[in-house]
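A.B. asks: Before I ask anything, let me first share the structure, which is written out below as structure tokens.
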Amino acid sequence: MSKTIKIDPITRIEGHLAIEAVVDDGVVKEAKSAGTLFRGFEIILQDRDPRDANRLTQRICGVCPTSHATASALCIDDAFGLTDKIPDNAKLIRALVLGSNFLQSHILHFYHLAALDYVDAVGALGPLSPFVPRYEGDYRISGEANAELVNHYVRALDMRRKCQEMLSIFGGKMPHSVGIVPGGVTERPAEDKVTNFLWRLNEIRDFVDNVYITDVIAVAQTYDDYFGIGKGCGKVLTYGGFDLPAGRFFKAGVVSQDLKLEPFAGENITEDLKHSWYADSGSGLNPAEGQTEPQLGKKQAYSFIKSPRYKGEVFELGPLARMVSNYVQGDAKVKEMIDPLLAQFGAGPEALFSVLGRHAARALEAKLVADAMVDWLCALKPDKPIIVANEIPAEGVGAGLTEAPRGSLGHWMTIKDKKIERYQVITPTAWNASPKDGKGQPGAVEQALMGTKVKDRDNPFELVRIVRAFDPCLACSVHLLDAKKNALGVFKVV
Ligand code: NFE
């Protein structure tokens with residue numbers, strides 16, 4: 001007999017995500033991923049000064065505001081005709097600020113959000129808050145190895161603080177930094193700032209190399225069945241990101257299930273609204289023409305997340321997508337990291353499409369970015385410009401496509417009479433945690449849940465481990481109350 005498991009909200013992620021899984025004979029037959037709050041920044045931005053987008057969109061999220069600062073700055077640069085004029089120093093400083101946020105976010109995700117699904121904090125410390133309540137029955141690491149992982153949970157807090165300090169050297173503060181602006185950046189690369197940045201970066205690199213990656217491998221060795229759980233749609237997409245003087249650090253790419261690479265083109269993105277609480281008139285549009293018109297109570301809808309699609313198909317975004325795309329494009333550094341890892345587990349690249357593959361990709365990406373940041377820092381030229389003067393055009397169209405810690409992030413804007421006429425944001429979590437589309441295709445997280453064997457329906461570890469491996473952020477995908485501050489529904493924790 002089938003039974004529905006509802007987890008609402010899923011804890012240890014950012015924001016409010018509800019998961020519903022129909023389990024038949026112990027296997028998930030159908031899954032629904034629902035964002036239960038409305039965001040609405042697109043509406044807030046209408047008729048404002050275009051430069052406000054750079055300040056306001058950062059308030060979408062306290063975890064990845066730097067990505068929104070980056071995407072909005074790129075979008076404004078494009079609409080203002082500045083893209084080819086951004087000084088090299090500004091590109092490097094923007095990349096260093098965004099890189100600091102990647103490192104903070106990846107460490108946060110592994111230690112403070114996901115690791116407690118595998119590491120027995122209660123075994124090491126007793127039944128203390130915030131480690132209880134929790135699911136029971138599948139903690140497999142014990143003794144000294146477990147105690148060390150719990151120690152690293154605490155050490156990781158300090159590392160995250162250092163990442164935030166490092167970001168603030170050029171970004172001014174965190175969250176919601178002020179250093180990335182249209183036309184460039186606000187902070188000169190003075191030598192004392194470079195030195196202050198470097199000693200923190202080296203400490204963080206040491207942590208990533210000798211603690212984070214080692215811990216992910218230790219967890220993978222004990223829970224190696226999770227290389228075979230949570231496969232998902234098997235197709236990945238990345239816009240590319242970190243604009244450096246010589247081009248993008250992460251290359252854009254679209255990779256099919258048989259690991260074939262296609263070039264990425266933004267015009268192939270559409271937003272499907274069939275199962276989302278938005279007016280159907282906006283369904284199927286490219287975000288450059290997109291609409292965000294909430295429609296509560298819409299039949300068949302179950303989420304405030306839209307369903308972004310590429311050529312009408314579902315794709316997974318995130319560190320796994322970036323690593324796979326760069327691997328398939330023959331990036332030597334990515335291959336150097338991924339091949340030995342796969343060899344260690346006797347697996348092929350297909351094993352990356354799994355819960356543990358996503359954790360491993362995130363940890364290796366942290367190393368890739370942290371190591372590259374040393375080169376970016378050393379390429380700064382203290383006497384060279386950091387910003388280009390600019391003016392608001394009467395009319396303009398812009399797109400800012402970049403990478404955020406959780407995957408590709410896009411901002412699109414139209415300017416009319418020097419004001420924002422239209423603004424659209426598509427976040428990585430909107431792609432990953434999207435509901436079904438008009439063709440009936442479930443979103444990436446939904447597909448990853450389907451087919452999963454659930455051993456104990458009262459402690460569905462498998463489901464939360466799959467969802468958390470995607471590192472969803474719901475603040476980025478949806479937002480709060482409706483305009484009249486009405487509650488949008490009653491949701492029970494089951
Ligand atoms: Ni709110 Fe974000 C990242 C962005 S996720 S955390 O990374 O953009 O949708």
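A.B. asks: Please work out the ratio of the alpha-carbon Rg of segment 322-460 to 2.2 N^0.38 Å and round it to two decimals.
C.D. replies: In units of the 2.2 N^0.38 Å rule of thumb, it is 1.46.
A.B. asks: Using only DSSP helix segments of four residues or longer, with each worth -39500 (n - 2.57), what per-residue ellipticity at 222 nm results for the chain after dividing by its residue count and rounding to 500?
C.D. replies: -11000 deg cm²/dmol
A.B. asks: I've got another one for you. Quick one: if you stick a label point 7 Å off each Cα along the C-beta vector at GLU395 and SER129, how many nm between them?
C.D. replies: 5.8
A.B. asks: Show me, for segment 268-277, the HN-Hα J-couplings you get by feeding each phi into the Karplus relation (A = 6.51, B = -1.76, C = 1.60, θ = phi - 60°), rounded to Hz, glycine and proline as x.
C.D. replies: So the Karplus estimates, Gly and Pro as x, are 7, 7, 9, 10, 8, 10, 3, 10, 10, 7 Hz.
A.B. asks: Arrange the residues HIS275, HIS16 by how much accessible surface each exposes, largest first, with a 1.4 angstrom probe.
C.D. replies: I get HIS16, HIS275, largest accessible area first.
A.B. asks: Now a separate question. What are the extents of the Cα atoms of segment 2-469 along their three principal axes, in Å, largest first?
C.D. replies: 62, 54, 43
A.B. asks: Compute the Cα gyration tensor for segment 1-158, then decide on rounded, prolate or oblate, letting a ≥ b ≥ c be the square roots of its eigenvalues: rounded whenever a/c is under 1.5, prolate when a/b is larger than b/c in the other cases, and oblate in all that remain.
C.D. replies: Verdict is oblate for segment 1-158.
A.B. asks: Go through segment 422-436 residue by residue and turn each phi into a ³J(HN,Hα) via Karplus (6.51, -1.76, 1.60, θ = phi - 60°); whole Hz please, and just put x for glycine and proline.
C.D. replies: Running phi through 6.51 cos²θ - 1.76 cosθ + 1.60 with θ = phi - 60° gives 9, 9, 9, 10, 10, 9, x, 5, 4, 5, 5, 9, 5, x, 4 Hz.
A.B. asks: Show the residues, 5+ positions off or on another chain, whose built amide H is closer than 5 Å to the amide H of GLY232.
C.D. replies: ALA448
A.B. asks: Here is a follow-up. Can you flag which of LYS91/LYS335; LYS91/LYS333; LYS231/LYS367; LYS231/LYS311; LYS162/LYS436; LYS260/LYS436 are past 29 Å Cα-Cα?
C.D. replies: From LYS91/LYS335; LYS91/LYS333; LYS231/LYS367; LYS231/LYS311; LYS162/LYS436; LYS260/LYS436, over 29 Å: LYS162/LYS436.
A.B. asks: Once you order the gyration tensor axes a ≥ b ≥ c over the Cα atoms, which shape class does segment 267-398 get: rounded for a/c under 1.5, otherwise prolate or oblate by comparing a/b with b/c?
C.D. replies: Oblate, because a/c is 1.5 or more while a/b does not exceed b/c.
A.B. asks: Measuring from centroid to centroid over Cα atoms, what is the spacing of segment 220-239 and segment 115-194 in Å?
C.D. replies: Between the Cα centres of segment 220-239 and segment 115-194 lies a distance of 23 Å.
A.B. asks: I'd like the Karplus ³J(HN,Hα) series for segment 76-92: coefficients 6.51, -1.76, 1.60, θ = phi - 60°, whole numbers in Hz, and an x wherever there's a Gly or Pro.
C.D. replies: Each residue's phi maps through the Karplus curve to give 5, 3, 5, 5, 8, x, 9, 3, 7, 10, 5, x, 4, 4, 5, 4, 5 Hz.
A.B. asks: Hey, another quick one. Which aspartates and glutamates have a Cα less than 19 Å from the Cα of LYS416, not counting those fewer than 8 places away in the same chain?
C.D. replies: Those aspartates and glutamates meeting the cut-off are GLU42, ASP47, ASP49, ASP52, ASP77, ASP78, GLU289, GLU391, GLU395.
A.B. asks: Net charge around TYR239, counting only other residues with Cβ within less than 14 Å of its Cβ (Lys, Arg = +1; Asp, Glu = -1)?
C.D. replies: Neighbourhood net charge equals -2.
A.B. asks: Moving on. What is the Cα centroid distance between segment 355-418 and segment 5-82, reported in whole angstrom?
C.D. replies: Distance between centres, Cα-based: 17 Å.
A.B. asks: Let me ask another. At 25 °C and 0.890 mPa s, grab the translational diffusion coefficient of segment 124-194 from Stokes-Einstein with a Kirkwood Rh over Cα pairs, rounded to a whole number in µm² per second.
C.D. replies: In µm²/s, the coefficient rounds to 156.
The values are calculated or read from the model by the stated rules, or taken from the named source; none is laboratory data. No experiment lies behind these values; they were computed from the predicted model shown. Every residue, glycine among them, receives a Cβ derived from its backbone with ideal geometry; neighbour counts consider all protein chains shown. These area figures cover heavy atoms from the full protein model, side chains too; ligands, DNA and RNA do not enter into them. Shrake-Rupley method; radii C 1.70, N 1.55, O 1.52, S 1.80 Å.
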